[in-house]
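One structure below.
Read the figures in this text as sums done on the coordinates, not as results from a lab. As the structure is a prediction and not an experimental result, all values here were calculated from the model. Glycine also receives a Cβ, built like all others from the backbone with ideal geometry; neighbour counts cover every protein chain displayed.
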Ligand SMILES: Cc1cc2nc3c(=O)[nH]c(=O)nc-3n(C[C@H](O)[C@H](O)[C@H](O)COP(=O)(O)OP(=O)(O)OC[C@H]3O[C@@H](n4cnc5c(N)ncnc54)[C@H](O)[C@@H]3O)c2cc1C
């Protein structure tokens, strides 16, 4: 038998399996205050869920069927009053600076009652992440400053994220596909800015947002190499809204068409163009583009995973209540073993999926997009220093070239390729597993409830309609499976998952 010392010595001969079990390695390295902060977030989510969402969500869903033009502005106002649009904005930009992984717990909590309401808040942070991951501190300061001002004045200022085009959905989420996709959004360089033409479709919160992070192409035939990112403000000349979609679920959150007709976007609102970063990095525009896509989706796919677990949990809670309150042949349904097996499986799906999105967040936190903000000293520094300090000493620096250089270097040059593979791979895994768990639990709830589940007021049919959309957005689940293979399983991936080392 091997002695303990011999077993220990094996570690040096065989690779660490850190990438397979991030929580084991990084759990103790998390700032402890993050746990308390997450508890605060969950408490706030529960307040919002019970006081705003639950009393309204079914009526609102009905209303969106009766009046196809209806947009829930009053819900956004309420969320704005509760401070939900600045919770996860870093303090240096005037926000409350809650840690980003806690947003996933918020999503799950609110999503367990209504994914439409959850997305009215969650997708605003996708818009924010896109702005931040481009490393332009001057524009971050401006846009996030507007969101903070919108909270103070009671006029919500939301950010949307606009990449999908009428003829390109999956194609704009991957540089290789983008290179040959049928793109339509064109940005022509002119003196002092860009002229934007084309349209974007299915943009969540489009009609409700003030700022839109819009991606367009200098050359539609060479999309991957000529991509630009522009900030467009509602009301700018040449920008208008088309319809918002009459879609199957998540109807509280409008999915809008954005139309650009010779819309002039000045240089100061250009977040990314192939030349802009030349002085900061030697990477090609295509590599910068890929890195940006990976960063944004590594964050947002963990978030969509948490929506999926919200749906899985919501379906479980509805089914459990039904099984407790219903009798079959004079015996409570919950006393039947087949029902217990079903409920156990649904419960397990929720807990397993939660681990998947937490693992993805841990990867972002220690090996990806948040690793700057959530490093222990920086985290504590930004948590405990007073707001005034940031206003006086940090915020003024954000307009400087140095700040821009540092952020761009951090995001574009200093992340190792294996970290990029890990964060994008785990995010894809969380996205497709959790959203599949969500749909699976909804189907099991409906099976268990029979015709009662089909009634609108049961909530069960609505959560299935809502959950199905999750398998499509933020990259279809098929695309995410391919991405997981490419980034962590294929022979070209670096490093390969240690569990599967030959
Ligand atoms: C409710 C909702 C909200 C949304 N919100 C936003 C938003 O805020 N901002 C935004 O920009 N977009 C948004 N979208 C768009 C979303 O990102 C796209 O729907 C998604 O990327 C899929 O694109 P598609 O619908 O065009 O499907 P397609 O790309 O047409 O795909 C159709 C099918 O083909 C498969 N497929 C396509 N290409 C490949 C490939 N290369 N290899 C293998 N299989 C492939 C897909 O997996 C899918 O099964 C939203 C969509 C929905 C439904």
The residues 263, 442, sorted from fewest to most surrounding Cβ atoms within 10 Å, come out as 263, 442
Label-point separation in nm, residue 177 to residue 340, each point 7 Å along Cα→Cβ: 4.5 nm
Sticking with the crude label model, points 7 Å out along Cα→Cβ, report the distance from residue 383 to residue 284 in nm, one decimal please. 4.3 nm
For each of 4, 286, count neighbouring Cβ atoms within 10 Å of the residue's Cβ, then give the residues from fewest to most. 4, 286
Pull out the extension gain between residue 77 and residue 11, defined as 0.36 nm times the separation in residues minus the alpha carbon to alpha carbon distance; nm, one decimal. 18.2 nm
When only Cα pairs under 8 Å and 6 or more residues apart are kept, what is the percent relative contact order across the stretch 160-272? 31 percent
Residue 454 versus residue 149, label points 7 Å from Cα toward the beta carbon: distance in nm? 5.4 nm
For the pair residue 372 and residue 24, what calculated FRET efficiency results from E = 1/(1 + (r/R0)^6), where r is the Cβ-Cβ distance and R0 = 35 Å, to the nearest 0.05? 0.90
What is the distance in Å between the Cα centroid of the stretch 408-424 and that of the stretch 295-351? 36 Å
Report, for the chain, the % of DSSP beta bridges that are antiparallel, rounded to 5. 85 percent
Could you line up 275, 61, 294 from fewest to most neighbouring Cβ atoms inside 10 Å? 275, 61, 294
Rounded to the nearest 500, the 222 nm mean residue ellipticity computed for the chain from DSSP H runs (n ≥ 4, each -39500 (n - 2.57)) alone is -16000 deg cm²/dmol
Inter-centroid distance (Cα atoms) of the stretch 47-88 relative to the stretch 218-249, Å: 25 Å
Cα gyration tensor shape for the stretch 160-272, rounded if a/c is under 1.5, else prolate or oblate: oblate
Tell me whether the stretch 68-111 comes out rounded, prolate or oblate; compute the Cα gyration tensor, take square roots of the eigenvalues as a ≥ b ≥ c, and use a/c under 1.5 as the rounded threshold. oblate
Can you give me the convex hull volume of the Cα atoms of the chain, divided per residue and expressed in Å³? 166 Å³
Defining a contact as two alpha carbons under 8 Å apart and six or more residues distant in sequence, what relative contact order in percent does the chain show? 18 percent
Rounded, prolate or oblate (a/c below 1.5 giving rounded, otherwise prolate when a/b exceeds b/c) for the stretch 346-502 by Cα gyration tensor: oblate
Taking 0.36 nm per intervening residue step and subtracting the Cα-Cα distance, what contour gain separates residue 170 from residue 59 on full extension? 36.6 nm
